[in-house]
Amino acid sequence: MKKVSLFFLAVMLTAQSAWAQNNDAIKAEIYSKLRDRRCNMALSECQCPDAKEMKAYIDALLETEVPKEAIYYKVAKKFSLRSILDPQLKETLEKKLTAEVGETRPQIILEPAAFNFGQVDKAQGKVTKVFKLYNKGTASLLIKNIKASCTCTTASLAVGNSKSPYFDTKGAPSEWQMEVKPNETADLEVILDLAHKSVKAGDLIREVMIASNDPLYPEVSVKVEAKVKESSSAPQEQKAGTVESSLSGRLENGVRVIELKASKFKFEPDPIVVKKGEKIRFVAKSTDVTHGIAIPEFKVNLVMPTDKEAVVEFIADKTGEFRTNCSVFCGMGHGKMKGKLIVK
């Protein structure tokens, strides 16, 4: 009787060992086809909190003997399709999920997915990049949260004439949301504060996460990168002879503010000098009659009355020299009222 018991115990232990080995192999295969949605590393290589959460979820499903194909599906539903690393698997799951939600759905697209500021100096302070957010779907896209990965980074969304507050690592309040209608475009403005105490010399990557009601991609993100150079001297804008000292206007909360004056028949300052990638704000006024300023390459066409200041903002997203001209007839010298915008 004792020999029989020992035999069955040995059989059970062998079966458990075989099951464990098989389970580990299945787990390794599943991990190899997934990635962490934050850092984009393969799940098998990532040890960040999000990856650990996903692994624990998968392990729990395996414990209850959920089939492999069903686990992929559940992961895509819970953590979004961004978590699927294998291209063929992602395509299969996307078709399945699309069929489930139907044709009437919002679809969020962000372009570009990342932007590199290149080599920058901490003394530059705040630098800005505007990403385009599109709703390519057939239903209203509701943006429910915008959250930055670091306190040195803030982001704001502009839809038409509406603009959100700037959100940081705390994200948006629970009751906040903004609507982007089908085929509508919004601007996601990301500000990186290089002077922030969390920014150190070397390679820097920061991320902004956007949560929405897109059923396939409920959370997407954009990244800003830079190679930061430490500066022990005064801010560059105050140093004579540097590129920064030649720029027009002043930086305020990541925006280059330029006080622009118009009179018969000239603009001041002229030329206007800015850096590529900066958000530019003209605070303009006329000293005599009504004038205007037009810069077609940046879709600027601002009327400058004599009784109040006029304001326009744009992103200097291309380098070169661009002609500015008066867009409102202001007298016999109107045709000669020209200036220059230089984007370095």
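The values are calculated or read from the model by the stated rules, or taken from the named source; none is laboratory data. In this text, all values refer to a predicted model and were calculated from it rather than measured experimentally. Please note: Cβ atoms are built from the backbone with ideal geometry, for glycine as well, and neighbour counts cover all protein chains shown.
For region 71-78, check the following and say yes or no: at least one residue is in contact with a strand residue (DSSP E or B) (Cβ under 7 Å, 6 or more places away or on another chain), hydrophobic (A, V, I, L, M, F, W, C) and not assigned by TED's automatic domain parsing to the domain that holds THR153.
The answer is yes, given that some residue of region 71-78 is in contact with a strand residue (DSSP E or B) (Cβ under 7 Å, 6 or more places away or on another chain), hydrophobic (A, V, I, L, M, F, W, C) and not assigned by TED's automatic domain parsing to the domain that holds THR153.
Only one residue in THR128, THR169, THR154 is in the same structural domain as LYS223 (by TED's automatic domain parsing) and surrounded by fewer than 20 Cβ atoms within 10 Å (Cβ to Cβ). Which one?
After applying the criteria, what remains is THR169.
Among the residues of region 317-331, count how many are touching a strand residue (DSSP E or B) at 6+ places or on another chain (Cβ under 6 Å) and part of a loop (DSSP other than H, G, I, E, B).
So the answer is 5.
Of everything in region 172-227, what is part of a strand (DSSP E or B), small (Gly, Ala, Ser) and either on the phi < 0 side of the Ramachandran plot or touching a Phe, Trp or Tyr at 6+ places or on another chain (Cβ under 6 Å) (or both)? Give them in sequence order.
Within region 172-227, ALA186, ALA211, SER212, SER221, ALA226 qualify.
Results for (1) at pLDDT below 85; (2) farther than 18 Å from VAL199 by Cα, shown as yes or no for each residue.
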{"position": "ARG82", "(1), (2)": "yes, yes"}
{"position": "LYS90", "(1), (2)": "no, yes"}
{"position": "LYS95", "(1), (2)": "no, yes"}
{"position": "ALA99", "(1), (2)": "no, yes"}
{"position": "GLY102", "(1), (2)": "yes, yes"}
{"position": "PRO112", "(1), (2)": "no, yes"}
{"position": "PHE117", "(1), (2)": "no, no"}
{"position": "GLN124", "(1), (2)": "yes, no"}
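Among the residues of region 316-339, are any within 23 Å of LYS163 (Cα to Cα), surrounded by 17 or more Cβ atoms within 10 Å (Cβ to Cβ) and outside the structural domain of LEU188 (by TED's automatic domain parsing)?
Yes, because at least one residue in region 316-339 is within 23 Å of LYS163 (Cα to Cα), surrounded by 17 or more Cβ atoms within 10 Å (Cβ to Cβ) and outside the structural domain of LEU188 (by TED's automatic domain parsing).
Can you find, within region 260-298, the residue that is surrounded by the fewest Cβ atoms within 10 Å (Cβ to Cβ) among those that are of a type in the set (D, E, K, R) and not in a loop (DSSP other than H, G, I, E, B)? Break it down into steps so the answer makes sense when it comes.
Here is the first cut: in region 260-298, the residues of a type in the set (D, E, K, R) are 261, 264, 266, 268, 270, 275-276, 278-279, 281, 285, 288, 297.
Then drop every residue that is not not in a loop (DSSP other than H, G, I, E, B), which leaves 261, 266, 268, 279, 281, 285, 297.
Values: LYS261: 16, LYS266: 15, GLU268: 12, LYS279: 24, ARG281: 18, LYS285: 17, GLU297: 14.
Ranking the qualifying residues of region 260-298, first place goes to GLU268.
Pull up region 136-189, narrow it to residues that are farther than 20 Å from ASN253 by Cβ and acidic (Asp, Glu), then point me to the one that is modelled with the lowest pLDDT.
Of everything passing the filter in region 136-189, GLU175 is modelled with the lowest pLDDT.
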